[in-house]
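A.B. asks: My questions all concern the structure below.
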Amino acid sequence: MSSESSRIWFITGCSSGFGRELAEQVLLTGDRLIATVRKADALDDLRSVYAETLRVVTLDVTDAAQVQEVVAAAAGEWGRLDVVVNNAGYGLLGAVEECSDAQIQRCLDTNLMGPLHVMRAVLPILRAQKSGHLINMSAAATLSNYAGFGIYGGAKAALESISEAVRAEVAPLGIKVTLVVPGPFRTDFISRSLVKADGKITDYEKTCGQFAGFLERINGKQPGDPTKAAAAIVKMIHDGKAPLRLPLGKYVTEKIRKRNANSERELTEWEAIAVATDY
């Protein structure tokens, strides 16, 4: 693929997990990539192979001023940005009551405010281009949350709602927005990117404790293949598609169907009361 026809990607959180897999898949297609990491040497092996098509920059997405600087420099690297992926994030495990104020703030700063900083920094660039595709990484917890994922799932749910609004706002401007909703994939998310609450309340052992145990048991045995997931995202872009939500994995597709069925049942049960509240 020539440099003129290749797409230019900007992806946050490329050190490991989905970000790393997506970076590799993007580079394999011949597209160009500005990859952000927390540690400058995180992608040295890829840099040695893709010297012409990869740029690696350090970025803390919770620092709004740094985000503005990095995004501006990224747009100037090859003259435009075609695909922007908000991937950087981590999980917070624990009952809402068990999480400290500092933990809650950091989780919201990274998983919600971080993507917001990036979106607000790139939107002027995409508007000027009259093109571009924003991709925000969501989570299965947004479909129906779990005991122990209240703060993390809540941050992702807020990001979903904001993404829906942004999609409506920028649709006439040639900009696309997609939420990627992965199920359990065999990345290092559980072992490396999951922080446990500071507090410990025994009353939550039968709920949050069971969920924590479930995560430990499936670690390394998750059904999802992250390489295939990353390839699916790249294919979506190359095919020119832009669904509001791209579900990844059988687990998520089944969860969506179950949620829809439950919502329909509840609506049927309460519809008469609901419509009776109108004038």
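Derivation of every value follows stated rules applied to the coordinates shown; laboratory data play no part. Given the structure is predicted, the values throughout are model-derived calculations rather than measurements. Glycine also receives a Cβ, built like all others from the backbone with ideal geometry; neighbour counts cover every protein chain displayed.
A.B. asks: Using only helices, what value at 222 nm comes out for the chain when you add -39,500 (n - 2.57) per DSSP H run of length 4 or more and divide by the total residues, to the nearest 500 deg cm²/dmol?
C.D. replies: Here the helix-only value at 222 nm equals -15000 deg cm²/dmol.
A.B. asks: Please rank Phe185, Phe10, fewest neighbouring Cβ atoms within 10 Å first, as an exposure proxy.
C.D. replies: Lowest to highest Cβ neighbour count: Phe185, Phe10.
A.B. asks: Using the Kyte-Doolittle scale, which helices in the chain average at least 0.5 and also have C-alpha atoms spread 15 Å or more along the helix axis, with helices defined as whole DSSP H runs?
C.D. replies: 64-78, 114-129, 226-238
A.B. asks: Can you tally the net charge around Thr207? Count Lys and Arg as +1, Asp and Glu as -1, for every other residue whose Cβ sits under 14 Å from the Cβ of Thr207.
C.D. replies: Value of the local net charge: -2.
A.B. asks: Given the convex hull over the Cα atoms of region 94-133, what projected area results after averaging over all orientations, in nm²?
C.D. replies: For region 94-133, averaging the hull's shadow over all directions gives 3.4 nm².
A.B. asks: With the cut-off at 21 Å, tell me which of the pairs Lys130/Lys176; Lys176/Lys241; Lys130/Lys228; Lys156/Lys241; Lys39/Lys221 have Cα atoms farther apart than that.
C.D. replies: Lys130/Lys228; Lys156/Lys241; Lys39/Lys221
A.B. asks: What order do you get for Phe211, Phe149 when you list them from fewest to most C-beta neighbours inside 10 Å?
C.D. replies: Phe211, Phe149
A.B. asks: Compute the Rg to Rh ratio over the chain from the alpha carbon atoms, using the Kirkwood formula for Rh, and round to two decimal places.
C.D. replies: Ratio of gyration radius to Kirkwood radius: 0.99.
A.B. asks: When a footprinting reagent is the concern and you count Cβ atoms within 10 Å, what order do Tyr279, Tyr50, Tyr90 take, fewest first?
C.D. replies: Arranged by neighbour count, lowest to highest, Tyr279, Tyr50, Tyr90 become Tyr279, Tyr90, Tyr50.
A.B. asks: Rank by packing, highest mean first: peptides 215-224, 21-30, 158-167, with packing defined as the count of other Cβ atoms within 10 Å averaged across residues.
C.D. replies: Those peptides, ordered most packed to least, come out 21-30, 158-167, 215-224.
A.B. asks: A further question follows. Computed FRET efficiency, Cβ-Cβ of Lys241 and Ala274, R0 30 Å: what is it to the nearest 0.05?
C.D. replies: Computed FRET efficiency for Lys241 and Ala274 comes out at 0.30.
A.B. asks: Tell me, Kirkwood radius of region 60-108 from alpha-carbon pair distances, in Å?
C.D. replies: Computed over region 60-108, the radius equals 13.3 Å.
A.B. asks: Okay, moving on. Throw me the Rg/Rh for region 113-223, computed over C-alpha atoms with Kirkwood Rh, two decimals.
C.D. replies: Reported Rg/Rh (Cα atoms, Kirkwood Rh): 1.08.
A.B. asks: Let me ask another. So what is the relative contact order of region 8-250, in percent, for Cα pairs below 8 Å that sit 6 or more residues apart?
C.D. replies: Worked out over region 8-250, it gives 22 percent.
A.B. asks: Arrange the peptides 136-148, 257-269 so that the one whose residues have, on average, the most other Cβ atoms within 10 Å appears first.
C.D. replies: 136-148, 257-269
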